[in-house]
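The values are calculated or read from the model by the stated rules, or taken from the named source; none is laboratory data. Bear in mind the structure is a predicted one, so any value in this text is a computation, not a measurement. Here the Cβ positions follow ideal geometry from the backbone for every residue, glycine too, while neighbour counts run over all protein chains shown.
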Amino acid sequence: MKDKIFSNLLPIAIMLASLIFSFSYYSTNKQSGRIFVLGTASDKKMSDVAKLNINLNKSCGLDNKNQTSDYIKKSIGILVNKLEAQGFEKSKINIYTINGNSRYSNGSEIGYEYYQRISVSSEDIDKIEGLSDKIASMLPQDISVNANIEYFIDMEKIKDIKYKLVQKATEDAKKRAQIMAKGSNTSVGKLISLRTGIFQITEPLSVDVSDYGIYSTETREKKITITVNADFALN
């Protein structure tokens, strides 16, 4: 019976404690003549650049390691020529160092596995997406191919967007402060200080939040969000 009474009273006690804490927090700030609020703002933007990451791998036996490595390099050279013929700039094609690992079976080395990565970037995003669909057919069938696209917004545009969002987030913070101060015989005065908080670029419908920020490259359309911590005077 006592346990039942306690379980019924516990939620009420927690609610009252929360109300007392909230009141104390606001009173303290009212006494000091300041109010601290969080403001947010977001906008949706389309990507400016796409990058196709192409990952190749091929396995071989112990007796033809060098031949396989040379075969991959030759195949990549042919691929680069095909990409240039299709209008992709050579300066936007990056070829990374080839890597290899030994393959084992029952504790004995039986062969080798080679891995090679190439990336192709372009502002023509439709062209990159089209390349993604056909990249496997541009390489020998005995080379395994895995490809994925990353989408980016131009860095200069990000700077401009961030500046505009800080302005909107500051306006949002002031509106929140005015709502909090309403009915308490106080009004929101000048902005004392402002500190930018989380800045993140996510998928349009994402609800992910990180203290260190997020830059998702998975979608062509992106949602850009910023928070600000504002300190206003109370009149």
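If you go through the stretch 167-209 and keep only what is charged (D, E, K, R) and in a helix (DSSP H, G or I), you end up with K168, E171, D172, K174, K175, R176. Look at the stretch 79-98: where a residue is surrounded by fewer than 12 Cβ atoms within 10 Å (Cβ to Cβ) and a partner is outside any strand (DSSP E or B), sitting 6+ places away or on another chain with Cβ atoms under 7 Å, you get K90/E84. Among strands (runs of 3 or more DSSP E) entirely within the stretch 28-124, having at least 2 residues that are closer than 30 Å to T186 by Cβ and either in the same structural domain as Q200 (by TED's automatic domain parsing) or of a type in the set (S, T, N, Q) (or both) singles out 34-46.
Restricting E129, E156 to residues that are within 30 Å of K90 (Cα to Cα), at pLDDT below 95 and part of a helix (DSSP H, G or I) narrows the list to E156. Inspect the stretch 181-189 for any residue being among the hydroxyl-bearing types (S, T, Y) and under 19 Å from T40 (Cβ atoms) and give the result as yes or no. There is no residue in the stretch 181-189 that is among the hydroxyl-bearing types (S, T, Y) and under 19 Å from T40 (Cβ atoms).
Among the residues of the stretch 45-77, those identified as exposed (fewer than 12 other Cβ atoms within 10 Å of the Cβ) and closer than 25 Å to S132 by Cα are M46, D70, K74, G77. Scanning the stretch 132-153 for residues that are farther than 18 Å from E221 by Cβ, among the hydroxyl-bearing types (S, T, Y) and not in a helix (DSSP H, G or I) yields a single hit, S144.
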